[in-house]
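Everything on this sheet refers to the single structure shown next.
Since every read-out is calculated from the coordinates, none of them should be taken as a lab result. Bear in mind that the values here come from a model prediction, so they are computed numbers and not experimental data. Cβ sites come from the backbone with ideal geometry, for glycine too, and all protein chains shown count toward neighbours.
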Amino acid sequence: MSELINLSTGLHHVSQPTISSCPFCRLPEHRVLLRNRLAVALFDAYPVTSGHALVVPLRHVEDFWGLTAEERLACHELFDGLRGLITAKDPSVTGFNLGTNAGASAGQTVFHCHFHLIPRRDGDCENPRGGVRHVFQDKANYDPSAPSLSI
C-alpha cells in the first residue's frame, strides 16, 4: 500500500482527469490533509462535528459501487490515517460514524464518490443508539428483541 503523506511532510502531485463542475475534481491543494496515490483526505467544508473529514478517491467516479478494489483499499488507508490525526489532536473523541451516500435517493448531492468520517464524543447527543440509522428517525432506536425483516 502507498505511504500516507501529511501536509507537514509535503504533497506529491497526482494528475487526474477533471470534471469541470465537480468540487472534488477541482479541490485546492491547501485543503488536503492526507493523500496517497489514489485518494485524498480533507476536512468537510460543512462539518457535522468538529473534525468531520472526507475521504475522496482521485478518480471521478459517482459512488462506492464504481470504485476498484485498489481504490477502496486506498480510501481505507486514509480512514486509518485520519482517525490517528483526529484522536491525537482531540482526545475528547470517543467514537466515529463512517458513511457514504450512494444515489440521490440516499441523499447524495455531490456525485463524486466520497466518504464521511464524523468524530463523536460522549454526550454529543442525547441518545446516540442507532447511529447511522437516524436517517429514519422512527427506526433509529430499534428494539433488538423485535422480529427482524429479511429480503
Legend entry - W65-C22 pseudo-label distance in nm [points 7 Å out on the Cα-to-Cβ vector]: 1.7 nm
Inset, instruction - Please give the length that would be gained between E29 and D138 if that part of the chain were fully extended, namely 0.36 nm times their separation in residues minus their C-alpha to C-alpha distance (nm, one decimal). - result: 35.1 nm
Inset, instruction - Along Cα→Cβ, 7 Å out, is where each label goes; now give me the distance between the ones at S105 and K89 in nm to one decimal. - result: 3.7 nm
Inset, instruction - Enumerate the amide H contacts of F96 below 5 Å, restricted to partners 5 or more residues apart or on another chain; note that Pro and chain-start residues carry no placed amide H. - result: R120
Inset, instruction - Please list 51-60, 85-94 highest first by mean number of surrounding beta-carbon atoms within 10 Å per residue. - result: 51-60, 85-94
Inset, instruction - Return the Cα extents of segment 5-139 along principal axes one, two and three, sorted largest first, each rounded to a whole Å. - result: 45, 36, 26
Legend entry - Protection-proxy order for peptides 115-123, 68-76, 99-107, each taking the mean of Cβ atoms within 10 Å per residue, highest first: 115-123, 68-76, 99-107
